[in-house]
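These notes are about the structure you will find just below.
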Amino acid sequence: MRGIFVAAAICAALSGAVQAQTEWLSGMPTAKQVESAVQGRNERDTAAQTSAALQMMDGVVQSLSPKPFDPARLTPEVRRRLDEYRAARERIDAREMEKFSGSRCEGDQCEKYLYPRCAQKYAFSPEFYRVVMDRHFTPDWQRSWVPRVHGTLWQRALKLPAGTPLPAGFADGLPCAGAGAGEPGLLDYATAGADIGRDVLAGLLVGDVRTYRTPRVLFDDVLPGLLLAAAAAAVLIVLALRQTLRNVTLDRGNARKLVSSVPYELDLFAGDLQGYSRGIETITTVSGGQNNTPVTSSSRSVLHERFFLVGPVGGELEVKLTNADSGARDGHRMTAAWIQKPGATGGPWLFMRNHTMRTTLWFGNNAKKPYGLRSWPVWALVALFFGTCIWVGMRADTLRVVKDGWDVTGHLVLWCGFPALLVVASLFMWIYAIRSRRLARFRREVDERLIPELDRAAGF
């Protein structure tokens, strides 16, 4: 009697073990269900999707079966389901390949090559795995069994949000929806080359950052934004370089007239210097002394000069200078020149010619104003670069292409930062080199043409 109970217990345990090992089978679709659920763009696309889905089901069965996998050790139900998947897939593949078995076409775009390429395209797409998972498996089954399925594509698909569709245009054109041909033409080569180029650029976009979806998904999504950013960068570069076209010179017929791309005028006043005074202001700055910090102090001196120029026929001009050290004295004859916008009265000093001492005090910083050079296009270019990198990282995070979008941002800043820095530095150097050369030429022109004329007019 005891032996009967022991045998019954062993049978029950074995039955429970077998049931536990095949519990997942009830949640899997049959081969007919897989076939009936697929509706592609054409016969080739439908067959390719079905074949790829059946291949996926075959892999699920192998992953969830006892290890090591041996078809002879499977339960009858599991073995029957596995045979259904394989038989259906072999039938579909044979039917599609039979259509072009007699073709002598040898080009890459031949019909006989398109079907296996299309099937492989689906078989290596995490998004397609996600679509099949949502189509045939319940959420509970996915949570319980998909993590146990071997394969990187399954794990990537599991990380995608439920309901994730195939990328836009995934099945457009060759090899899934387009018509095949014999030998490819020039357009075919161009299309294939463009497709390869986009894949390469997509890979460069994420670099060695681990991805959970193909980088092409991210590239196709951000391409319009990247093109817009490139157009904005081109506009900023043109604006920056356009400033270098501005020039300042003296009129050929009248050395006292300023010719400038930016509206500025040259004004002059000549007279005898009177009421000269100067003073030195000392500015002392003290810091520290709190929370037992040492007290530090620094001082600097500022030279202030003030005098009047009295014209020979009346009128006078007050002159105030800071840290100029003009070397002027009462009685010296001097001409003051300044630049101003049309309609304005007064402006920054350009130079002061001391006819008595035969010296010229040149205000270099003020001489730069007529050129109107601004650095904001360059800084806007820098902001555009970093903003684009951050935006691409955010899109990568939103699309679940990578685990953390900041990894993509860091990759772009690291690998694209040096070329961007080179462009910015080149713009800065070019703009300011052009301005320095033109400023030196303008000063030389003033020394050679205007100063001698002013000396003669002053009687020297």
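The values are calculated or read from the model by the stated rules, or taken from the named source; none is laboratory data. Being a predicted model, the structure only gives us computed values, none of them experimental. With ideal geometry, Cβ positions are generated from the backbone for all residues, glycine too; neighbour counts draw on all protein chains shown.
Within segment 238-260, the residues that satisfy the criterion of being in contact with a helix residue (DSSP H, G or I) (Cβ under 7 Å, 6 or more places away or on another chain) and over 30 Å from Arg449 (Cβ atoms) are Leu239, Ala240. Scanning segment 311-333 for residues that are over 56 Å from the mean Cα position of the chain (by Cα) and at positive phi gives Gly314, Gly315, Gly331.
Of the residues making up segment 245-276, those that are within 30 Å of Leu381 (Cβ to Cβ) and either buried (at least 18 other Cβ atoms within 10 Å of the Cβ) or modelled with pLDDT of 90 or more (or both) are Val248, Ser260, Tyr264. Could you please let me know if Arg300 is surrounded by 11 or more Cβ atoms within 10 Å (Cβ to Cβ), basic (Lys, Arg) and either at negative phi or assigned to a strand (DSSP E or B) (or both)? For Arg300, the condition - surrounded by 11 or more Cβ atoms within 10 Å (Cβ to Cβ), basic (Lys, Arg) and either at negative phi or assigned to a strand (DSSP E or B) (or both) - is not met.
If you go through segment 307-355 and keep only what is of a type in the set (S, T, N, Q) and either assigned to a strand (DSSP E or B) or surrounded by fewer than 16 Cβ atoms within 10 Å (Cβ to Cβ) (or both), you end up with Thr322, Asn323, Thr335, Gln340, Thr345, Asn354.
Return the residues of segment 207-247 that are in a helix (DSSP H, G or I) and of a type in the set (Ser, Thr, Tyr); say none if nothing qualifies. Matches in segment 207-247: Thr244 only. Would you mention how many residues in segment 58-76 are of a type outside the set (Lys, Arg) and assigned to a helix (DSSP H, G or I)? Of the residues in that region, 10 qualify.
Within segment 108-155, the only residue that satisfies the criterion of being among the small types (Gly, Ala, Ser), closer than 15 Å to Thr46 by Cα and either crowded, with 20+ Cβ neighbours inside 10 Å or modelled with pLDDT under 90 (or both) is Ala119.
Would you check if Arg449 is touching a strand residue (DSSP E or B) at 6+ places or on another chain (Cβ under 9 Å) and of a type in the set (Lys, Arg)? Considered against the rule, which asks whether it is touching a strand residue (DSSP E or B) at 6+ places or on another chain (Cβ under 9 Å) and of a type in the set (Lys, Arg), Arg449 comes out as yes. The set of residues from segment 160-195 being at pLDDT 75 or above and surrounded by 14 or more Cβ atoms within 10 Å (Cβ to Cβ) comprises Leu160, Thr164, Leu166, Pro167, Phe170, Ala171, Leu174, Pro175, Cys176, Ala177. Within segment 323-338, how many residues are modelled with pLDDT of 85 or more and within 28 Å of Val259 (Cα to Cα)? Residues flagged as modelled with pLDDT of 85 or more and within 28 Å of Val259 (Cα to Cα) within segment 323-338 amount to 6. The single condition among (1) aromatic (Phe, Trp, Tyr); (2) over 48 Å from the mean Cα position of the chain (by Cα); (3) at pLDDT below 90 that Phe307 does not meet is (3). Within segment 84-94, not a single residue is at pLDDT 90 or above and closer than 28 Å to Val401 by Cα. None of Arg135, Arg86, Arg79 is assigned by TED's automatic domain parsing to the domain that holds Leu166, part of a helix (DSSP H, G or I) and over 47 Å from the mean Cα position of the chain (by Cα) except Arg79. Close Cβ contacts (under 6 Å, 6 or more residues apart or on different chains) running from residues in segment 78-107 that are farther than 17 Å from Met56 by Cβ to residues that are surrounded by 13 or more Cβ atoms within 10 Å (Cβ to Cβ) and aromatic (Phe, Trp, Tyr) comprise Glu96/Tyr115.
How many of the residues in segment 431-456 are over 18 Å from Trp338 (Cα atoms) and more than 56 Å from the chain's Cα centre (by Cα)? Selection size over segment 431-456: 1.
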